[in-house]
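Structure record follows, encoded as structure tokens.
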Amino acid sequence: MVEELRRAGRTVVVIEAKTDKIQQLKDQGIPVVAGDATSEDSLRAAGIARARGLVACLNDDAHNVYTVLTARSLNPELFIVARASEEGAETRLQRAGANRVVNPYLHGGARLAQLVVKPTVVDFLDFSLGAGKVPGLELEQVRIATSSPLVGSTLAEADLRRRCGVGVVAVQRGATLFPNPEPNLALNDGDVLVVLGIRDHLEQFESMFCVAGTGKES
């Protein structure tokens, strides 16, 4: 997970209590805080006040709940992803302040089933998460700024595929997601676009249209 985040351009700090793992992280050049992730002091030392996101992935659900509660109190704007191991923990973590909760055991079984009945769909999902085998192509999420010329334009008017070689896979507006959006969908300030393209084209798109890649925030 740490390597995936670093490949995505994120600055990562790990809080770790085990001495052997602390040394392994240091050997890999990964910033690490030796301490308890449920501790306010450890979270502060890791830079929680200026962080954009937190992944709470301790082995104990109760510890993850406490970590989420503490982190949310220290940084109300933090985007928090938490791991749940037991049934019912997802609700507790969401109430504690987690934005997303993942149960790897539950999702692992669902993935196995989908590999049998919908293997191509799973391949596409893997690709979208950076584990695919399509050289050069990337999925990125970008937020439309107030100053962007895209504000008020429809997707058809923006014509992003012709102008910069990227395709819009989805648009998120608040809590509403528009997958495979219609060409006549007008874009608003603050909309998040999920776009597909090669890195050079994605960077050109971000530069031309005053949008910021939200996946690059740290």
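Of the listed values [x] 54, 44, 36; [y] 89, 44, 27; [z] 41, 40, 36, identify the label whose number matches Cα extents along the principal axes in Å calculated from this model. Calculated Cα extents along the principal axes in Å: the matching label is [x].
Sequence-ordered 3J(HN,Hα) estimates for region 57-64 from the Karplus curve with 6.51, -1.76 and 1.60 and θ = phi - 60° stand at 10, 6, 6, 10, 4, 5, 5, 5 Hz, glycine and proline given as x. Fewest neighbouring Cβ atoms within 10 Å first, the residues Ser207, Ser73 line up as Ser207, Ser73.
Each residue of region 87-100 was assigned a 3J(HN,Hα) from its phi angle through the Karplus curve 6.51 cos²θ - 1.76 cosθ + 1.60 (θ = phi - 60°); the sequence is 5, x, 5, 4, 5, 5, 5, 5, 5, 6, x, 6, 7, 9 Hz, with glycine and proline shown as x.
Close Lys pairs in the chain, defined as Cα atoms under 24 Å apart and 8 or more places apart or on different chains, number 4. Using the Cβ-Cβ distance between Leu106 and Ala8 with R0 = 25 Å, the FRET efficiency computed as 1/(1 + (r/R0)^6) comes to roughly 0.50.
Packing order of peptides 60-66, 160-166, 191-197, highest average first: 191-197, 60-66, 160-166 (average count of other Cβ atoms within 10 Å over each peptide's residues).
None of the figures in this text is laboratory data; all of them are computed from the coordinates on show. Nothing here was measured: the structure is a model prediction, and the numbers come from that model. Cβ sites come from the backbone with ideal geometry, for glycine too, and all protein chains shown count toward neighbours.
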